[in-house]
Amino acid sequence: MPISAERGLTYTPTLLGEHRRAFSGWLRSSERREVFTLAGNTGPLTQEEARAYRGLLKGEGQVWSFEEGLRSHAFLSPSATSGNVSAVESAGRFGGCMRMDSGASVTFPTGLGAKWTVACWWKREGTKDRWRHHVHRAGMGLSVNGIPGTSPHADGFLVAEGLANLPQGAVTLRNAEAGELLVDELVVLPWVVPTAWMAPWYAAGEPFGAPYPYHRASGAALYEPLQVLGRMGAGRAVQWWEGGVLVLGQEFDFELQER
């Protein structure tokens, strides 16, 4: 996901070890490694965009890689299953995945409110189907393979009431078609992902997080990719004119701490 750093980044090193002088005055070092904290500012964002970036950097939400069964990275397990639903160690987009027989369903008690995003990779087993990336967004519908769309959620495998509501705030996936369904990298977020994230999310072709809530930071501002954990700083209200309309948004400071 693209993160702007309009005012540039600052690179603050932290030594793992010591670099000091002994009592005799001799300089010595027990440094094992140097890690960096990258600090920047997002620039102006709409309220919806700011909410999404804050959630992303803080690591909100749940991610199921299905590498260790049907529990998420935060140990959230299904509240109900119907039919044959199981985790398999291989055959997934990124290793393990969840296999669902025809007619099977699984429910995760995520407790989502009015704003949410549910995404996953899926394919039909036993066919030449390629992995497809579905992103369901509250009030916006289904997007496929990085192309923003407004298709009904029913065109995918998510059980929803219209375009906006999830029954009891839970995420239920149902395989209503013939043949086995493979699902990998189920991502559930308590905010609506910005449209600008759709294409880069699909194009990245990698797991969500490294692992979540860590992320892989990369780009021209870095010598090499870094595994980082985000932290929020102070925010400020900003406003600008867009299409003749005054928009009230915000910007905020952030840090990306190397693991």
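The values are calculated or read from the model by the stated rules, or taken from the named source; none is laboratory data. Small disclaimer: the values here were computed from a predicted structure and weren't measured. Virtual Cβ from ideal backbone geometry, glycine too; neighbours counted across all protein chains shown. Please note that ligands, DNA and RNA were not included when accessible areas were found on the heavy atoms of the full protein model with its side chains. Shrake-Rupley method; radii C 1.70, N 1.55, O 1.52, S 1.80 Å.
Inside the stretch 115-136, can you point out the residues that are small (Gly, Ala, Ser) and either without any contact (Cβ under 8 Å) to a residue 24 or more places away in the chain or part of a loop (DSSP other than H, G, I, E, B) (or both)?
First pass over the stretch 115-136, keeping only residues small (Gly, Ala, Ser): 119, 126.
Across the stretch 115-136, the qualifying residue is only Gly126.
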Does the stretch 176-191 include one or more residues that are open to solvent by 60 Å² or more (accessible area, probe 1.4 Å), more than 30 Å from Thr12 (Cα to Cα) and either in a strand (DSSP E or B) or without any contact (Cβ under 8 Å) to a residue 12 or more places away in the chain (or both)? no
Of the residues in the stretch 184-206, those that are under 18 Å from Thr81 (Cβ atoms) and either acidic (Asp, Glu) or at pLDDT below 95 (or both) number 1
Could you please find all residues in the stretch 39-55 being open to solvent by 10 Å² or more (accessible area, probe 1.4 Å), of a type outside the set (D, E, K, R) and within 14 Å of the chain's Cα centre (by Cα)? Tyr53
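Per-residue answers, yes or no, for (1) at positive phi; (2) part of a loop (DSSP other than H, G, I, E, B):
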| site | (1), (2) |
| --- | --- |
| Leu57 | no, no |
| Phe66 | yes, yes |
| Phe75 | yes, yes |
| Ser86 | no, no |
| Arg93 | no, yes |
| Met98 | no, no |
| Val106 | no, no |
Using beta carbons and a limit of 7 Å, which pairs, at least six apart or on different chains, have the first residue in the stretch 137-150 and part of a loop (DSSP other than H, G, I, E, B) and of a type in the set (S, T, N, Q) and the second one modelled with pLDDT of 90 or more and open to solvent by 10 Å² or more (accessible area, probe 1.4 Å)? Asn145/Arg132; Asn145/Tyr202
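What is the residue count in the stretch 193-220 for residues that are assigned to a loop (DSSP other than H, G, I, E, B) and open to solvent by less than 50 Å² (accessible area, probe 1.4 Å)? Explain how you work it out, then say what you get.
Filtering the stretch 193-220 for residues assigned to a loop (DSSP other than H, G, I, E, B) gives 193-194, 205-214, 218-220.
Filter once more, keeping what is open to solvent by less than 50 Å² (accessible area, probe 1.4 Å): 193-194, 205, 208-210, 212-213, 219.
Within the stretch 193-220, residues that are assigned to a loop (DSSP other than H, G, I, E, B) and open to solvent by less than 50 Å² (accessible area, probe 1.4 Å) number 9.
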Residues being open to solvent by less than 50 Å² (accessible area, probe 1.4 Å), within 21 Å of Gly219 (Cα to Cα) and either of a type in the set (A, V, I, L, M, F, W, C) or part of a loop (DSSP other than H, G, I, E, B) (or both): count how many of those fall in the stretch 10-38. 2
Of the residues in the stretch 126-167, how many are out of contact with any strand residue (DSSP E or B) (no Cβ under 9 Å at 6 or more places or on another chain) and loosely packed, with under 13 Cβ neighbours inside 10 Å? 6
Does Tyr223 qualify as being in a helix (DSSP H, G or I) and open to solvent by 70 Å² or more (accessible area, probe 1.4 Å)? no
Any idea how many residues of the stretch 96-139 are closer than 19 Å to Gly179 by Cα, polar (S, T, N, Q) and within 19 Å of the chain's Cα centre (by Cα)? 0
